[in-house]
Amino acid sequence: MQNFEYCNKTKIIFGKGTENKVGTETALYAKKVLLHHSGGSTVRSGLIDKVKDSLKAANVDWIELTGVQPNPRLSLVREGIELARKEKVEMILAVGGGSAIDSSKAIAAGVLYDGDVWDFFERKKTAEKALPVGTIVTIPAAGSESSISSVITNDEGPWKRGMNFQCIRPVFSIMNPELTYTLPPYQTACGITDMMAHIMERYFTKEKNVELTDELCEGTLRTIIRNARKIFNGGEMNYDARAEIMWAGALAHNGLLDTGRIGDWASHALDHELSALFEIAHGAGLAIIFPAWMKYNIKEDTARLARFAVKVWGVDGAFYDLEQAALEGIMRMENFFKSIGMPVRFTDANIDPARIPEMAKRVVHFGQIGNYRKLDEKDAEAIYKLAAQ
């Protein structure tokens, strides 16, 4: 097990009606905030009006910036930075899913930086300070509500890049599973796939003797799968299932499952090229990439993939050799993704395989990807080809 330091400053406020506490929580940090959201379903549902009423009751002023979209854009982040500076806000309050939260984090870091915020995503600069960020989560998926990560798309490339800094971890996050009842099934499925991928990126490690976090990863994955099936089997309004999914999404990416181990993260890098070039939802892209990545790595650590099959997907190892067990687990994972409406091949998402060489070249922009197994351009091309078959 690796040495590690674990500290998560995010206060989680979880449960029914908790969005009504946003004013009192925000008032602990700011007199004026930038309220950042999509301007779509959060408004139509009445949630934004509730937020404003709560802020008003707590004597917190706000300025609003809407327009967040999936794969949040650098142009809106830059607009938010200028607005936050002009209005002298003291905090960024995100209402929505990972896109709104990631955009808010980037704004929070950019406000206190003299250069271009994109420097952080291009690994030219380190963000050492940021305005505090608070969140109200409406889409359980990215786990951004308690993570150090932000992923932004720059249309000029297009490039999709991430940054990871402690200073952008939210100070509080409000999580009410009731807010997810009206999510379209596709968004729910993308979120489920995203959080599973966050766990799998950590699970596939070369680090030995990480028994506790292995078991935590496996148990969280089983919980997600079990409760996802409840939701997709007529349980759209099942509070308990929604609550399990929402909490699992936060745990998947809050750093707990990283402790003592080094995760892989190649699949996220591979998907970022799909998202940037084809505007595919992040969860959908990961449903395509992860099975292909596993197939490509099946000889690298057959025993690990076989354990994944047995412990997560219920494969009976007594009836298979290790490689057969691993392949059976991958097949069951693909079938699960299909059952909740996710694509598992390029053809399912209208991705042009002719652009595979281009994507493979782009994905190694900063050098080899992955830690479980270092991947170069040829490896990336091979994985993309498996995803296209």
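Details
- Search result, residues across segment 287-312 that are more than 14 Å from Tyr372 (Cβ to Cβ), open to solvent by less than 30 Å² (accessible area, probe 1.4 Å) and without any contact (Cβ under 8 Å) to a residue 40 or more places away in the chain: Ala306, Ala309
- Of all the numbered requirements in (1) in contact with an Asp or Glu (Cβ under 9 Å, 6 or more places away or on another chain); (2) open to solvent by 20 Å² or more (accessible area, probe 1.4 Å), Lys208 misses one, and that requirement is (1).
- Every pair of residues 6+ apart whose Cβ atoms lie under 6 Å, when the first sits in segment 54-66 and is at negative phi while the second is at pLDDT 95 or above and open to solvent by 60 Å² or more (accessible area, probe 1.4 Å): Ser54/Asn20; Leu55/Trp62; Ala58/Thr24
- Among residues of segment 246-264, those that are open to solvent by 10 Å² or more (accessible area, probe 1.4 Å) and out of contact with any Phe, Trp or Tyr (no Cβ under 9 Å at 6 or more places or on another chain), counted: 3
- Taking segment 269-286 as the range and being open to solvent by 20 Å² or more (accessible area, probe 1.4 Å) and either closer than 16 Å to Ala189 by Cβ or not in a loop (DSSP other than H, G, I, E, B) (or both) as the test, the residues that pass are Ala269, His272, Leu277, Phe278, Ala281, His282.
- When segment 1-55 is limited to residues that are assigned to a helix (DSSP H, G or I) and of a type in the set (S, T, N, Q), the one that is nearest to Val133 (Cα to Cα) turns out to be Thr26.
- Of all residues in segment 1-46, exactly one satisfies the criterion of being surrounded by 17 or more Cβ atoms within 10 Å (Cβ to Cβ) and among the aromatic types (Phe, Trp, Tyr), namely Tyr29.
- Condition met for Val89 (open to solvent by less than 20 Å² (accessible area, probe 1.4 Å), of a type in the set (Val, Ile, Thr) and more than 19 Å from the chain's Cα centre (by Cα)): yes
- Criterion (of a type outside the set (Asp, Glu), at pLDDT 95 or above and farther than 20 Å from Ile168 by Cα) met by exactly one of Leu34, Leu74, Leu65, Leu55: Leu55
- Cβ-Cβ contacts under 6 Å between residues 6 or more apart (or on different chains), taken from a first residue in segment 254-267 that is under 18 Å from Leu286 (Cβ atoms) to a second residue that is outside any helix (DSSP H, G or I) and among the aliphatic types (A, V, I, L, M), are listed as Ala266/Ile369; Ala266/Leu375.
- Those residues of segment 278-315 which are of a type in the set (D, E, K, R) and under 25 Å from Leu212 (Cβ atoms), in sequence order: Glu300, Asp301, Arg304, Arg307, Lys311
Let's see how each residue does on (1) small (Gly, Ala, Ser); (2) surrounded by fewer than 22 Cβ atoms within 10 Å (Cβ to Cβ):
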position: Lys105; (1), (2): no, no
position: Asp114; (1), (2): no, yes
position: Trp118; (1), (2): no, yes
position: Lys129; (1), (2): no, yes
position: Ala142; (1), (2): yes, no
position: Thr153; (1), (2): no, no
position: Asn164; (1), (2): no, yes
position: Pro170; (1), (2): no, no
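- Cβ separations smaller than 8 Å between residues 6+ apart or across chains give no pair from segment 376-389 residues that are under 16 Å from Lys361 (Cβ atoms) to residues that are among the small types (Gly, Ala, Ser) and open to solvent by 10 Å² or more (accessible area, probe 1.4 Å).
- For segment 175-203, the set of residues classified as more than 17 Å from the chain's Cα centre (by Cα) and either charged (D, E, K, R) or open to solvent by less than 20 Å² (accessible area, probe 1.4 Å) (or both) consists of Asn176, Pro177, Glu178, listed by residue number.
Per-residue answers, yes or no, for (1) in a helix (DSSP H, G or I); (2) out of contact with any His (no Cβ under 9 Å at 6 or more places or on another chain); (3) closer than 17 Å to Arg229 by Cβ:
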site: Arg304; (1), (2), (3): yes, yes, no
site: Phe308; (1), (2), (3): yes, yes, no
site: Ala318; (1), (2), (3): yes, yes, no
site: Gln324; (1), (2), (3): yes, yes, no
site: Glu328; (1), (2), (3): yes, yes, no
site: Glu334; (1), (2), (3): yes, yes, yes
site: Phe337; (1), (2), (3): yes, yes, yes
site: Met342; (1), (2), (3): no, yes, yes
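- On inspection, Met333 does not qualify as of a type outside the set (S, T, N, Q), open to solvent by less than 60 Å² (accessible area, probe 1.4 Å), out of contact with any Lys or Arg (no Cβ under 7 Å at 6 or more places or on another chain) and farther than 24 Å from Asn233 by Cα.
The values are calculated or read from the model by the stated rules, or taken from the named source; none is laboratory data. What you see is a predicted model, and the numbers here were worked out from it, not measured in a lab. Reconstructed Cβ throughout: ideal geometry from the backbone, glycine too, with neighbour counts over all protein chains shown. The area values use the complete protein model at the heavy-atom level, side chains included, leaving out ligands, DNA and RNA. Shrake-Rupley method; radii C 1.70, N 1.55, O 1.52, S 1.80 Å.
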